[in-house]
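Enquirer: Sending over a structure as structure tokens; questions will come in a sec.
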Amino acid sequence: MSFGEPNNPYGQQPQGQPQGPPPGQPQGQPGYGYPGSQSQGQPGYGYPQAPPVQPYDGGYPGGGTMTEMPGGVKAARVMMWVMSGLCLIGGLIFIIGGVMINGAKDKTDDSQLTSMMDKGTSALVGIAVLALVWCVLLAVLAVKFKSGGNGLRVTLIVVGVITALLALYPFTLLGIVHLVLSILVVVFVAKSDGAAWFNRSRA
């Protein structure tokens, strides 16, 4: 068997002719080794390409403007309205209580009892005024949930903490409700979706 036999795949190639690929491997296809075949327009078999990274816009993944209020923020807003209404009811109750005590004062001749009633009336009126002021404050903050920024978020957290402290005295049923709702408002506003909402980009 001669080395120049054309049907012998292991024989020597005639001089002057380029050596082709071994039998079974098509021409023009990249190998399975280095991913350097990308220079030929074909993807290599090296490491997979990483997906493109989208920009981070105002704390909202996806790059677009955040337009839908998260569920936790919506719940916090509803709780603010509820607390505002409870403050209104509480203020009216304290005013009625002060009026009743003041009316009962005129029916007694005991000076010591009258003095105690005066102090009680003043305390109830003061609490009623504070409750009505807090009612207006909570309502204003609830209205600004859609347009407020990070400053509103910080204010909501501070007001929520103060409301929880004020709810401890006088310790009534309305105070317990205020305590629970104010803690929930602080939690929902301080969460990551709350931060994303108040720090969102505004078109």
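Residues are listed down the side, and each one gets a yes or a no for (1) farther than 18 Å from Pro70 by Cα; (2) polar (S, T, N, Q); (3) outside any loop (DSSP other than H, G, I, E, B):
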site	(1), (2), (3)
Lys146	no, no, no
Thr155	yes, yes, yes
Phe171	yes, no, no
Val187	no, no, yes
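Enquirer: Output the number of residues of segment 144-177 satisfying the condition of being closer than 15 Å to Ile127 by Cα and surrounded by 15 or more Cβ atoms within 10 Å (Cβ to Cβ).
Expert: Of the residues in segment 144-177, 5 are closer than 15 Å to Ile127 by Cα and surrounded by 15 or more Cβ atoms within 10 Å (Cβ to Cβ).
Enquirer: List the pairs whose first member sits in segment 148-167 and is of a type in the set (Ser, Thr, Tyr), whose second member is surrounded by 15 or more Cβ atoms within 10 Å (Cβ to Cβ) and at pLDDT 90 or above, and whose Cβ atoms are under 7 Å apart, counting only residues at least 6 apart or on separate chains?
Expert: Thr155/Leu141; Thr163/Met83; Thr163/Ser182
Enquirer: So which residues in segment 90-125 are loosely packed, with under 13 Cβ neighbours inside 10 Å and modelled with pLDDT of 90 or more, if there are any at all?
Expert: Once the filter is applied, which keeps residues that are loosely packed, with under 13 Cβ neighbours inside 10 Å and modelled with pLDDT of 90 or more, segment 90-125 yields only Ile96.
Enquirer: Is one or more of the residues making up segment 47-68 over 36 Å from the mean Cα position of the chain (by Cα) and modelled with pLDDT under 75? Show your work before the answer.
Expert: First, pick out the residues of segment 47-68 that are over 36 Å from the mean Cα position of the chain (by Cα): 47.
After this cut, where a residue has to be modelled with pLDDT under 75 as well, the list is 47.
Among the residues of segment 47-68, at least one is over 36 Å from the mean Cα position of the chain (by Cα) and modelled with pLDDT under 75, which makes the answer yes.
Enquirer: Based on what the data block shows, is Lys191 under 18 Å from Ala75 (Cα atoms) and loosely packed, with under 14 Cβ neighbours inside 10 Å?
Expert: Here the answer is no, as Lys191 does not meet what is asked.
Enquirer: Take Val133 and tell me if it is assigned to a helix (DSSP H, G or I), among the aliphatic types (A, V, I, L, M) and either touching a residue at least 60 places away in the same chain (Cβ under 8 Å) or under 29 Å from Glu68 (Cα atoms) (or both).
Expert: no
The values are calculated or read from the model by the stated rules, or taken from the named source; none is laboratory data. Just so it is clear, the model here is predicted, and its values are computed rather than measured. Cβ atoms come from the backbone with ideal geometry, glycine included; neighbour counts cover every protein chain shown.
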